[in-house]
Amino acid sequence: MQNENSILTTEHLNLHYGESHALRDVSVSIPRNRVTALIGPSGCGKSTLLRCFNRLNDLVEGARIDGRILFEGGDIHAPDCDVVDLRKRIGMVFQKPNPFPSSIYDNVAYGPRVHGIRDKKRLDETVRESLESAALWDEVADRLHGSAMGLSGGQQQRLCIARTLAVGPEIILMDEPCSALDPIATAKIEDLVNDLKDRYTVVMVTHNMQQAARVSDVVGFMYLGRLVEFGPTGRIFESPQEELTNNYVTGRFG
């Protein structure tokens, strides 16, 4: 059952891809207005779990789920759940920046237009606010109608974050958002994540334990499809309760 401080809860979640059992009995509550990091070795189910939260696994042939996922108390697999609306409220930023091959302005305005906003003044305001929130406005204000493909990798990733923010999500999912970026661009994204949690809930998959320690409030350690341990970042890294977690965070495996 969800508590008042959680925005998203899984109950005994299992996911199969064909014969492969990718997630095993995962029960977790994601806290509101916090950064939750999912860590663990490659193939442990981190990204699979993340993609469950806005039903992106629906797009994978042979994927089947049992258990429940509750968002603000409602079951996201209920027959009356509007998946388009769900993905508006729970946005996703992918590992590799994926801007549309159009202008910076049109990238950010795309979502609001899809959701029916046509008024130019309102679109202008949304584009500016989203780019400001993504810490990109000052770098691109004079070239909004230039191609997004001309931006650096780090700028493209912040543009993708702005594009996600433009439709007014409540949760932002990030799947290893810095893995394709250099250290300077990574630091900008990390600073941005820290700023975003005042207004949004962020769930981030990262392969970088130092990054998880720097940016997250809460950490979940996954191994072989199971959520082994979940708790405050300091405790997970300094005094984990499970031997598997301790072995992973101290570098004994993974």
Notebook entry, point to check: How high is the FRET efficiency between Asp191 and Asp85 when r is their beta carbon distance and R₀ equals 35 Å, given to the nearest 0.05?
Noted result: 0.70
Next item on the list: Grab the Cα-Cα distance for Val60 and Asp119, subtract it from 0.36 nm times how many residues apart they are, and report the gain in nm with one decimal.
Entry: 17.6 nm
Next item on the list: Give the cross-link partners of Lys188 among the lysines, using a straight C-alpha distance below 18 Å as the criterion and excluding same-chain residues fewer than 8 apart.
Entry: Lys96, Lys197
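Under 8 Å for C-alpha pairs, at least 6 residues apart: give me the relative contact order for the chain, rounded to a whole percent. Walk me through the numbers on the way to the answer.
Details: 476 pairs, mean separation 68.7, N = 254.
Once divided by the residue count of the chain, the mean separation gives 27 percent.
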Next item on the list: Quick one: grab Rg to one decimal and Dmax as a whole number for region 1-117, Cα atoms only, in Å.
Entry: 15.7, 44
Item checked: Integer Hz, Karplus 6.51/-1.76/1.60 couplings in order for region 214-225, x for Gly and Pro -> 6, 9, 9, 9, 9, 10, x, 9, 10, 8, 6, x
Next item on the list: Taking a cut-off of 22 Å between Cα atoms, list the lysines near Lys120, but don't count ones fewer than 8 places away on the same chain.
Entry: Lys88
Notebook entry, point to check: Which residues' amide hydrogens lie under 5 Å from the amide hydrogen of Met222, considering only partners 5 or more residues apart or on another chain, with H built in the peptide plane?
Noted result: Ile39, Gly40, Val228
Next item on the list: With only Lys, Arg, Asp and Glu charged, each at its Cβ (+1 for the first two, -1 for the last two), find how big the charge dipole of the chain is about the Cα centre; round to the nearest 20 debye.
Entry: 340
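No value in this document is a laboratory result; all are computed from the given coordinates. All figures in this text were calculated on a predicted structure; none of them were measured in a lab. Neighbour counts run over all protein chains shown; Cβ positions are idealised from the backbone, glycine included.
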